[in-house]
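The values are calculated or read from the model by the stated rules, or taken from the named source; none is laboratory data. Because the structure is a prediction, the values reported are computed rather than measured. All Cβ positions, even for glycine, are placed from backbone atoms using ideal geometry, and neighbour counts span all protein chains on display. Ligands, DNA and RNA are excluded from the accessible area calculation, which covers all protein heavy atoms including side chains. Shrake-Rupley method; radii C 1.70, N 1.55, O 1.52, S 1.80 Å.
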Amino acid sequence: MAPYAAADTIWGLYQVRDAEVPFPGVADMLYLGSYLLFAAGLVTLARQQEGRLHWAGLLDAGIVTLGFGILSWAFIIAPYLRSELSAWPLAVSIVYPVTDLVLLSVAARLMFTTGTRTPSFLLCIGWLVVLLAADGLYYGTSATTGSAIAEDVSEVGWMVSSLLLGAAALHSSAARSAQMAVDQERMPRRRLSILIALILMGPSIVLADVGGIRDEPVQVTVIVGLMASLSLLLVLRVAFLAQYAQSRATEARTQAHDLAASLREQAELQKQLSHQATHDPLTGLANRALLNERLEPALGRCSASFSAGLLMLDLDGFKDVNDTLGHPAGDELLVDVARRLTSRVREQDIVARLGGDEFALLVEGVDASTLHDYTLRILDSFTDSFILAHAHPVHVTTSIGVRSITRPTTSAEALRDADTALYRAKTAGKNRAAFFESP
């Protein structure tokens, strides 16, 4: 603001003396210098707000700048070029609207952002809008008529812009930065409408033959060139949106794949937990809870025409294996017993480990004769020795208690009766089966 204030002071002194302000003069150099400093400060502000470069915001700002560049060329620069100004005054006259376009580019860069805007930031944007509007009015009328028609209006605009900038600096929210980010994944409808209107600006000017521009091939060429550049930026912006949408789609597919994998892992974990809750961790057989769950409906289906059998097995001499060969060998023996039992039963039968060296078998759809043969087959499966790792063959037998079920009963009663029969088999000499007989 220092060179801007100095230029205003010089301008004011000439007006107080009722003298003509030299053009171009020191005041013009100070004005142009202040505009360049404004632009540099705004660029720094934009980098501080966003933290990194965003091509989407740069493309949007470029489209706005080129769109207003067409207006500036048609209504300010081209009329200046047609004037009778000498080289130095003409150059300075053209530099003014060019510096305005530089400020406009940075302002668009800041305005095309999303997020939380502080009051100080909004006042700063207001300063830019009013300043550029006042400049456009002043230079536009000066270029087309040779003098500023609404000079008083422009002066009021410049004073208001200074007040807005001062208010932005003094406001308490100036101490904190506005949190903003360029909206890369979509283009709001309002912004798209503005960009389309700017693209149509060039053809409208040519069709309306503003200032007889169609009779000047050079002017038409410049406008067409600006229109082509503007269209190229819009195509790049759309391509950027498509690329960003593609990356988001890829990211969404990756997230969906990860989610599906996570769901599969969770389902597998739930399956494992459910299996652990209903199966013996050592042998993989059903445990007591799963046996009870299957036993209740099986017992409820029993009748004179459909009977079932419950076998309870207890290994003979298992304690000796643990004492002489150790618990690891005992665990290995239990696993081999479970494997042998599973190979001797039907696919639909339930083999369960109730705990320790005690097992149970639930057999459905068998009559008394078939259940007897089934029990003997299980008993005979212990004839062969079990071969344990790093040990001699181990021979163990089993005692079996059998409960034949021909009418509905409870699982507690069936287990109790089978256990009673097992006790009878044990006391009768082991390595045998005993059938429960109702009193």
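A few points about this structure:
- Within the range 84-102, being open to solvent by 40 Å² or more (accessible area, probe 1.4 Å) and in contact with a Leu (Cβ under 7 Å, 6 or more places away or on another chain) holds for one residue alone: Val95.
- Taken together, Leu230, Leu259 contain a single residue that is open to solvent by 40 Å² or more (accessible area, probe 1.4 Å) and farther than 30 Å from Ala338 by Cβ, which is Leu259.
- Filter result for Pro203 (loosely packed, with under 14 Cβ neighbours inside 10 Å and either over 26 Å from the mean Cα position of the chain (by Cα) or at pLDDT 70 or above (or both)): yes
- Criterion (among the charged types (D, E, K, R) and either part of a helix (DSSP H, G or I) or open to solvent by 70 Å² or more (accessible area, probe 1.4 Å) (or both)) met by exactly one of Arg403, Arg416: Arg416
- Residue count for the range 149-188, restricted to those that are open to solvent by 80 Å² or more (accessible area, probe 1.4 Å) and at pLDDT below 70: 4
- Condition check for Thr65: in a helix (DSSP H, G or I) and within 26 Å of Ile149 (Cα to Cα): yes
- When Asp316 is tested against (1) open to solvent by 30 Å² or more (accessible area, probe 1.4 Å); (2) over 16 Å from Leu282 (Cβ atoms); (3) touching a residue at least 40 places away in the same chain (Cβ under 8 Å), just one condition goes unmet, and that condition is (1).
- Residue in the range 365-374 that is acidic (Asp, Glu), buried (at least 20 other Cβ atoms within 10 Å of the Cβ) and closer than 21 Å to Arg301 by Cβ present: no
- Checking Phe359 against (1) within 30 Å of Pro328 (Cβ to Cβ); (2) modelled with pLDDT under 95, the condition it does not meet: (2)
- Test result for Ile94, modelled with pLDDT of 80 or more, more than 19 Å from Ala133 (Cβ to Cβ) and not acidic (Asp, Glu): yes
- Residue within the range 426-435 that is open to solvent by 70 Å² or more (accessible area, probe 1.4 Å), hydroxyl-bearing (Ser, Thr, Tyr), within 27 Å of Phe306 (Cα to Cα) and assigned to a helix (DSSP H, G or I) present: no
- Restricting the range 98-112 to residues that are farther than 14 Å from Ala133 by Cβ and either among the small types (Gly, Ala, Ser) or not in a helix (DSSP H, G or I) (or both), the residue that is modelled with the highest pLDDT: Ser105
- Subset tally (residues that are assigned to a helix (DSSP H, G or I) and either at pLDDT below 80 or open to solvent by less than 30 Å² (accessible area, probe 1.4 Å) (or both)) for the range 128-148: 11
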